[in-house]
């Protein structure tokens, strides 16, 4: 097997990384400081008869333009599918993703996106009177459909949140497998909570805690600016941290992708086990051939499998009861529950507090009794939703544990369909079908 | 040669990376500096500006100073918008620098990296799986543990609000045992809790609405008007507190501060307590949960046709919210010194409102409301003419209206039952009158009173009593309106008399509580309080509860000789009349409502 020598980095390169580190530190502080400088000055008190102009309210995006957005999404997905499955071009996937970042990210300000669409769909399904726009539904459904057909094409090139992280991958490191598998639970947990909060009409936590939308819009709160820069900074070394360890839509796509009818492959033909692709994936989404003898299931594994399988119903019930019981805390995110708790605990706040929420409430036609009645109704929704969420989390833990004691024999290098973003990096490394690949040159040299 | 060119490009990329890195760092530092500067100097908190504004208040006509303040304000605004511009420009430059840096770093990394044979992985998949199981199981445990902890330890103050009890109260109309009454003025399809009915509605269409008629049993449970059931000043509630201390808080179960003041006394329907407050800006009806003192709702009397834009002038000792409210199962009714009368449901939905005409009253209108049989009775004696009205509780329309010929009165009507019918007793200068509550017909009228009448009539032992300072005290037979006896020994000015067990008690503004034989008018005894009595005495558990204006209460076992049981001090001036329910005493001061009960 040929040895391909990696060029050692020189001292300048080391300095550049040092400089990068300092810049990252600065970038932690700057966006927050920048955002803190806005909205501080009150309106002047004119006494000259000057009439304040009416506040401009931006018109919603024209229906025609929404269809255009949808068309762009479909085109990007179709083109990338072709690039990944047929053309096998990482370079074109990259440039397509740059286009999507500019269009969906900076031009369309990161909205609308299928990630947040999870919440709209949840609210439409479980909420009262929320009408889901067809565009939002299409944005949510089309990537799922494409994933069922061709894997996570949306993540590869169409998602601005994924692409902006992809662009800053410079020095990816491998995380321990156990850590990845544990952190990999978070997107499902986040998804569960996002659905609960959306279905109860509380808030869209995915949008509220979208770390990159502030960058696309060139304006964010202090905390969100810090969060966005943190993800990008971490993304230099831990590739796509948001996608891998947080994105709730990614959790759905992960499941869909496992069952996709077609998927990007590392090699266009038969794998020759050259191992070149082993380190190609910054997302650790390549499964290696395994040693059947070493990884054969033992009796202990069988016992664990039975135990974990039997534990699933228990985990579901325990999770359902526990999470449902925590409705008091969970529901306090809802503005009505928060405000009602505040005012019932200290009614004097109605007159003494200058909190905007209280002032708004006092100026409204709602009575405290109405507020408490609404808040109680919200709490009962949380209690009901808590059963489903807790059950889902119990199932998640149970299935994840069961998965750890099921073995699958692998003789070649292949992408993990759930984790693979179809970015095409590994395709570049594969020498199969590429006569000009260095692998063949080195191989020839060794044989001559 | 080719190698040199490649190195050259790589070196340029490195150079660009360094330059863009330094540029990004500089922009970052400048932005941080800008932030620190703005944080340290808050233009809104300028001491110079504050001093100048303070000077302006003492020199309001100083044009030079005004000009300087404007200049200063303009400078601060310019600085602010300049910093905004710097912020936007800086952010754009920062983004450009960061993009250049990332691109150059990626280029360098790509040029420096070649596809290589990996060193090989030594992953022990078994170990990975075992460790993963541990961590996944730990995650599951942590989730469940956190959920359980939050279930056990997170607070839920909404429970204090006791919504179940409120819900029960809300459904009271549907409960058995309460007689239903057809009312005639709500049209099919009307929402009983919908838009305010500023004008009385016409009787058209299908009658569909029902309301509960008050019974005496209801009144014995609820303190629904000034001085309790029928306005007689006698409460049937027992287990009432005998001692409390405003200073130490002894037996003060709760105390709620009220934002807008009013002299009216609270009224109670089941778990809710209602009262009002008013000033020149606001006229407010309040509803408290009487068990916790929590304010359930407050609603303003606004948007009432005919309501004066500028309220009439009143004196400080009367104000615009002197009349007490009245309540029944259907709603709560309030009248203000502007002539506005308004109804809300127990849940705060506005039912109807109208203006009766601004009362001409040099102190301020103070006659309280009282309700019976689906009607709210309004004694509206003003300098511009006097009348007695019965309004339909459902929509505020006038059921009947009877003109009266008398001077302004500050007294409140009471109800008495005679020959199986309810009568309305009304006191003014010069008459004590009785009216049929069904049609407003005057049954009798006694010319017996003079002066500015404040105390309301009393009833007991088959006689009606009326008294007023600088005038007289009379006992009248309600069957024919004849005067049974008359006396002038002690007379009340504000506080109303009360009858109990053959005795008549009056509380005076010169701190004397006096007892008379109710049948003969003979003086029995007197008791000296420490301060004036404005609050009317109330009989509870056979004892007299009387508050003087200093806030001290006198609880007296009446009879031939007064026995002072206790004289607890609230330490807060009291002008209103106490209210009783379920072993608790409620009293309103100028600033608070108190709930007093044995802990």
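The values are calculated or read from the model by the stated rules, or taken from the named source; none is laboratory data. Everything numeric in this text was worked out from a predicted model, so none of it was measured. Methodologically, a virtual Cβ is constructed for each residue, glycine included, from the backbone with ideal geometry; neighbour enumeration extends over all protein chains shown.
Here are a few things to note about the model shown:
- In the range B:255-271, residue nearest to the other protein chains (Cβ to nearest Cβ) [restricted to those that are assigned to a strand (DSSP E or B) and surrounded by 19 or more Cβ atoms within 10 Å (Cβ to Cβ)]: B:256
- Within the range B:539-566, the residues that satisfy the criterion of being surrounded by fewer than 18 Cβ atoms within 10 Å (Cβ to Cβ) and assigned to a strand (DSSP E or B) are B:557, B:563, B:564, B:565, B:566.
- Applying the criterion of at least 3 residues that are in contact with a helix residue (DSSP H, G or I) (Cβ under 7 Å, 6 or more places away or on another chain), surrounded by 12 or more Cβ atoms within 10 Å (Cβ to Cβ) and facing another protein chain (nearest Cβ under 7 Å) to the helices (runs of 4 or more DSSP H) found wholly in the range B:1-119 leaves B:2-40, B:63-112.
- Of the helices (runs of 4 or more DSSP H) lying entirely inside the range A:110-228, those containing at least 3 residues that are over 25 Å from residue B:94 (Cβ atoms) and within 11 Å of chain B (Cβ to nearest Cβ) span A:177-183, A:186-199.
- Residues within the range A:344-359 that are at the interface with another protein chain (Cβ under 8 Å from one of its Cβ atoms) and within 25 Å of residue B:344 (Cα to Cα), tallied: 5
- Close pairs from the range A:228-240: first outside the structural domain of residue A:218 (by TED's automatic domain parsing) and on the phi > 0 side of the Ramachandran plot, partner assigned to a helix (DSSP H, G or I) and modelled with pLDDT under 90, Cβ under 7 Å, at least 6 apart: none
- Residue check, residue B:130 facing chain A (nearest Cβ under 7 Å), surrounded by 13 or more Cβ atoms within 10 Å (Cβ to Cβ) and either within 23 Å of residue A:298 (Cβ to Cβ) or touching a helix residue (DSSP H, G or I) at 6+ places or on another chain (Cβ under 7 Å) (or both): no
- Single residue of the range A:360-375 satisfying the filter (more than 8 Å from chain B (Cβ to nearest Cβ) and assigned to a helix (DSSP H, G or I)) that is nearest to residue B:161 (Cα to Cα): A:371
- Enumeration of residues in the range A:305-332 that are surrounded by fewer than 12 Cβ atoms within 10 Å (Cβ to Cβ) and either within 9 Å of another protein chain (Cβ to nearest Cβ) or under 30 Å from residue A:373 (Cα atoms) (or both): none
Residue-by-condition table, conditions (1) crowded, with 23+ Cβ neighbours inside 10 Å; (2) within 14 Å of chain A (Cβ to nearest Cβ):
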{"site": "B:215", "(1), (2)": "no, no"}
{"site": "B:220", "(1), (2)": "no, no"}
{"site": "B:238", "(1), (2)": "no, no"}
{"site": "B:283", "(1), (2)": "yes, no"}
{"site": "B:287", "(1), (2)": "yes, yes"}
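- Of all residues in the range A:383-417, those that are within 30 Å of residue A:195 (Cα to Cα) and either assigned to a helix (DSSP H, G or I) or more than 11 Å from chain B (Cβ to nearest Cβ) (or both) total 24.
- Considering the range B:412-427, and only residues there that are in a loop (DSSP other than H, G, I, E, B) and at pLDDT 95 or above, the residue that is nearest to residue B:372 (Cα to Cα) turns out to be B:413.
- Residue A:302 more than 8 Å from chain B (Cβ to nearest Cβ), part of a helix (DSSP H, G or I), modelled with pLDDT under 90 and over 30 Å from residue B:351 (Cβ atoms): yes
- If you check B:460, B:454 for being over 26 Å from residue B:401 (Cβ atoms) and modelled with pLDDT under 95, only one passes: B:460.
- Among the residues of the range B:495-517, those identified as surrounded by fewer than 24 Cβ atoms within 10 Å (Cβ to Cβ) and in a loop (DSSP other than H, G, I, E, B) are B:501, B:502, B:508, B:509, B:510, B:511.
- Residue list for the range B:289-301, restricted to those being away from every other protein chain (no Cβ under 11 Å) and under 15 Å from residue B:335 (Cβ atoms): B:301
- Of the residues making up the range B:567-580, none is farther than 15 Å from residue B:233 by Cα, free of Cβ contacts under 8 Å to residues at least 12 places away in the same chain and either surrounded by 15 or more Cβ atoms within 10 Å (Cβ to Cβ) or assigned by TED's automatic domain parsing to the domain that holds residue B:592 (or both).
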